[in-house]
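Novice: Below is one structure. I have some questions about it.
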Number of protein chains: 2
Amino acid sequence: MFLFAYSLISNYNIVMKTDNTFNLLARIHEKANKKLISSLNEYGITDLAPSHGDILAALFKKDCVTMMSIAQLIHRDKSTVTQLVKKLVKKNYVFCKDNPQDHRSSLVCLTDKGKSLKEIFQKISRELYETAYDGLTPNEIANFHQLVEKIHNNF
Amino acid sequence: MFLFAYSLISNYNIVMKTDNTFNLLARIHEKANKKLISSLNEYGITDLAPSHGDILAALFKKDCVTMMSIAQLIHRDKSTVTQLVKKLVKKNYVFCKDNPQDHRSSLVCLTDKGKSLKEIFQKISRELYETAYDGLTPNEIANFHQLVEKIHNNF
DNA sequence: AAATTATAGTTTGATATCAAACTATTATGA
DNA sequence: TCATAATAGTTTGATATCAAACTATAATTT
């Protein structure tokens with residue numbers, strides 16, 4: 001799933017003939033995601049969707065966590081995570097082991113193959129931000145971030 | 001589809017321990033979409049997804065257009081639009097008529113039921129922006145918009 | 001201790017989405 | 001004019017996603 005569907009929001013705004021900012025946000029998001037997938041493909045990684053990447057990125061930060069934890073970290077539904085992890089296991093990016101503390105759950109851990117993606121992810125992310133922020137001053141970037149935070153906290 | 005999947009982008013940034021701005025964008029988008037769907041439900045409209053709303057909003061602006069046109073306006077694939085319009089027809093929000101200028105296509109037009117949604121959409125959109133921009137000065141809003149435009153144009 | 005409630009993860013069902021392949025129509029080139 | 005290429009929309013297939021229902025385990029209450 002790409003990040004921004006061209007949203008209901010955006011077209012509401014077109015109707016209003018007012019602010020189309022959220023429209024642009026949607027576009028940014030979709031373009032960025034496309035760029036990410038495209039970059040991954042260049043590195044020969046063609047079997048991952050954005051949410052798979054989210055899981056891997058979460059595991060880079062903290063390896064061996066429960067599905068529940070992953071679901072919360074990537075803001076996905078439990079059942080979605082089940083399927084996502086299933087594919088990652090199949091592709092040998094992660095494996096699951098028993099959770100001694102709670103037998104209802106297992107711990108999802110990176111394989112060596114999974115771990116080897118970390119640097120690639122970092123490169124791709126850096127490139128993305130370089131693209132996004134090209135031509136923006138550090139002040140503008142900081143300001144953008146602050147505004148995004150404020151808006152985020154309004155919901 | 002909700003607007004922002006919690007994206008690959010966001011977690012790349014977590015890995016980098018740097019900017020999580022795109023992470024927040026994703027969150028904003030998802031929250032906004034949830035609010036929109038929730039608002040629609042309050043008005044008794046429970047059978048529309050965001051992309052359906054995008055189509056309706058596009059038709060509010062210009063009624064009776066081709067599927068191709070809709071696909072371009074809402075940034076969706078042709079095959080997606082086929083299915084989306086099919087549902088809107090079934091729910092009697094739109095109808096299709098022959099396009100005398102090109103017999104490969106038909107014109108998608110709003111029904112009266114569809115047209116009656118315009119005010120509701122406007123109200124909902126206004127409420128959304130009021131929420132999003134609560135506590136922001138007009139200057140901040142304008143600034144945000146400019147920055148969003150710059151970033152959008154970088155892709 | 002036993003009964004009840006809550007929870008982790010899975011399964012099932014429905015849906016939006018894209019890509020590929022296809023068909024009928026249109027546009028272009030020879 | 002006829003042949004070829006392009007295009008609008010549809011169908012098919014695959015996938016990510018959420019919600020509801022479910023089961024086994026854990027937590028809480030009786």
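The values are calculated or read from the model by the stated rules, or taken from the named source; none is laboratory data. This is a predicted model, so every value here is computed, not measured. Heads up, the Cβs are rebuilt from the backbone with ideal geometry, glycines too, and the neighbour counts pull from every protein chain shown. Keep in mind that these areas ignore ligands, DNA and RNA; they rest on the heavy atoms of the full protein, side chains included. Shrake-Rupley method; radii C 1.70, N 1.55, O 1.52, S 1.80 Å.
Novice: Check A:T111 against each of (1) over 30 Å from B:L25 (Cβ atoms); (2) within 14 Å of DNA strand C (Cβ to nearest atom) and name the one condition it does not meet.
Specialist: Every condition holds for A:T111 apart from (2).
Novice: Is it true that some residue in the range B:17-29 is at pLDDT 85 or above, part of a helix (DSSP H, G or I), more than 7 Å from chain A (Cβ to nearest Cβ) and within 16 Å of DNA strand C (Cβ to nearest atom)?
Specialist: So far as the range B:17-29 goes, no, none of its residues is at pLDDT 85 or above, part of a helix (DSSP H, G or I), more than 7 Å from chain A (Cβ to nearest Cβ) and within 16 Å of DNA strand C (Cβ to nearest atom).
Novice: Quick one: in the range A:85-104, of everything that is among the aliphatic types (A, V, I, L, M) and within 12 Å of DNA strand D (Cβ to nearest atom), which residue is farthest from A:M68 (Cα to Cα)?
Specialist: For the range A:85-104, the residue satisfying everything is A:L88.
Novice: Restricting to the range A:54-83, and then to whatever is within 10 Å of DNA strand D (Cβ to nearest atom), touching a residue at least 24 places away in the same chain (Cβ under 8 Å) and assigned to a helix (DSSP H, G or I), can you tell me which residue is farthest from the other protein chains (Cβ to nearest Cβ)?
Specialist: A:V81
Novice: Within the range A:97-108, take every residue that is out of contact with any helix residue (DSSP H, G or I) (no Cβ under 6 Å at 6 or more places or on another chain) and near DNA strand C (Cβ under 10 Å from one of its atoms) and give me the one that is most open to solvent (accessible area, probe 1.4 Å).
Specialist: So, considering only residues that are out of contact with any helix residue (DSSP H, G or I) (no Cβ under 6 Å at 6 or more places or on another chain) and near DNA strand C (Cβ under 10 Å from one of its atoms), the one most open to solvent (accessible area, probe 1.4 Å) is A:R104.
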